[in-house]
Structures are given as structure tokens and as C-alpha cells.
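The values are calculated or read from the model by the stated rules, or taken from the named source; none is laboratory data. From a predicted model like this one, the values you see are computed outputs, not experimental measurements. Here the Cβ positions follow ideal geometry from the backbone for every residue, glycine too, while neighbour counts run over all protein chains shown.
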Amino acid sequence: MQASEQTTPITVVLADDHAVVRSGLRMLLEAESDIEVLAEAADVESTARYVLGHKPAVLVLDLNMGPESSLPLIPDFLARSPETAIVMLTMQDDPAFAREALRAGTLGYVLKHAAGEELIQAVRLAAAGESYLNPKLGAKLAAAPPATNGRLDGLTERELEVLRLIALGHTNAQIGEQLFLSVRTIETHRAHIQQKTRRSSRPELVRYAMDNKLLG
């Protein structure tokens, strides 16, 4: 793809909790003459610091920053740095996540396994105020209607089970023991729950469970 003609480069902050991924993305983007990576962030705190400090044209944001979901942070990023467009980069090809990311205000949703040219295109489009969605995921999104009351916010039965135990005060280790699952698996379920419900803290999850009568 040819670089867009412009006098100043598109400034980018990369946010991903894996150093190898960040390094690869940086090399990919900086190979383009019209894109400049200003900083790399490994966690939520440094992401916020770099976005507010640099006010980049585009933030390339990993959906999962460690155990935390990035989805609840998007409105705050956009409010505090409205000139920054957000491109979500993720392994998640579930239409529910894409729908929530777009609803929260992201302009791009790129799958990691298909990054490459897609990410470059998404960054350029986002900088111009236009959106980009992985084509295959776009087809899934069009075919999958938003979750209704059949399943609360698209939560699976296992995720509902984990959410109930979180709300009852159990730790990830305790939940893993009860469900015969590893702590890592519970952490993954918890991240998905946070993404789908748009709640990031335990008190918020407890309130969500209570409001939706999940505790009996």
C-alpha cells in the first residue's frame, strides 16, 4: 500500500502488554513513511500517561492489558484526548466484543492474526476520522444481532457462573478450585466478563450481579 500524501506523519501510541508484540507492531508501522510511533505502553497507567502527554493522532490499544479490559477506559481516553482516534487490536473475533468497542467509540477493530496491512490501513483511516473493521468480523457482526435478554450482555453460562462467584467474594484461586479450572482460565473469563458488562472493578461487578438478580 502506498503511503498517504501529507506534510506531517500520523502520530501513534502503541499499547500492548507484550513487549514482543509491541516491537513487531512498531517495526511494521515505522516502515511506513507517513506513520511515527511516539511511545509504547505496557499497562493501563502508562497508556493513559502517554496518550495525555503526547495527544497522538491514533492510539493502537490491546483489548486486554494484562488482567484488565481496555473497553471501560475508552470513553475516558476519548474525553480527555478527543483528538486521538482509537484502533483496537485483539485476538478476540467475537462480534460482541467488536460491537462494544465500536459502541464505546473506537474507529478501528483489527484482529492480531490479520494485522499487517490491515493495521496500517486502520491507522490511516482512523487518523482521517474514518472507521475500519476486519472484513470477516464485519460479516459476523452483520449476521449476529445484539444480545437480548436470552443471555445477559452475551455472557456465557460459564461466565455467569464465574460472575456469581466473584460477586459472592471468592478469589480467582477459590473460583478455580470450585470449578476445577486454572487461575489463568478464571482470569480470562473475568476479563471477558468485564469487557461484556463494561465493569472493571469488583464493586462494579457485584452491583451488576445484584442489579440483574444473579445472586438469587
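Does Ala101 meet the test of being outside any helix (DSSP H, G or I) and of a type outside the set (Asp, Glu)?
In short, no.
When the residues of the stretch 139-187 are filtered to those that are part of a helix (DSSP H, G or I) and modelled with pLDDT under 75, which remaining residue is surrounded by the fewest Cβ atoms within 10 Å (Cβ to Cβ)?
Applying the filter and picking the extreme gives Ala143.
Taking the residues in the stretch 100-137 that are buried (at least 16 other Cβ atoms within 10 Å of the Cβ) and modelled with pLDDT under 80 as candidates, determine which candidate is nearest to the chain's Cα centre (by Cα).
So, considering only residues that are buried (at least 16 other Cβ atoms within 10 Å of the Cβ) and modelled with pLDDT under 80, the one nearest to the chain's Cα centre (by Cα) is Glu100.
Does Ala39 fit the bill of being assigned by TED's automatic domain parsing to the domain that holds Gly116, surrounded by 15 or more Cβ atoms within 10 Å (Cβ to Cβ), within 18 Å of the chain's Cα centre (by Cα) and on the phi < 0 side of the Ramachandran plot?
Answer is no for this residue.
Which residues, counting only those in the stretch 42-83, are crowded, with 18+ Cβ neighbours inside 10 Å, without any contact (Cβ under 8 Å) to a residue 60 or more places away in the chain and of a type in the set (S, T, N, Q)?
Result: Thr47, Ser70, Ser81.
Residues being at positive phi and not charged (D, E, K, R): count how many of those fall in the stretch 42-79.
1
Being surrounded by 21 or more Cβ atoms within 10 Å (Cβ to Cβ), in the same structural domain as Leu165 (by TED's automatic domain parsing), modelled with pLDDT of 85 or more and outside any helix (DSSP H, G or I) is true for just one of Arg199, Arg190. Which residue is that?
Matching residue, one of Arg199, Arg190: Arg199.
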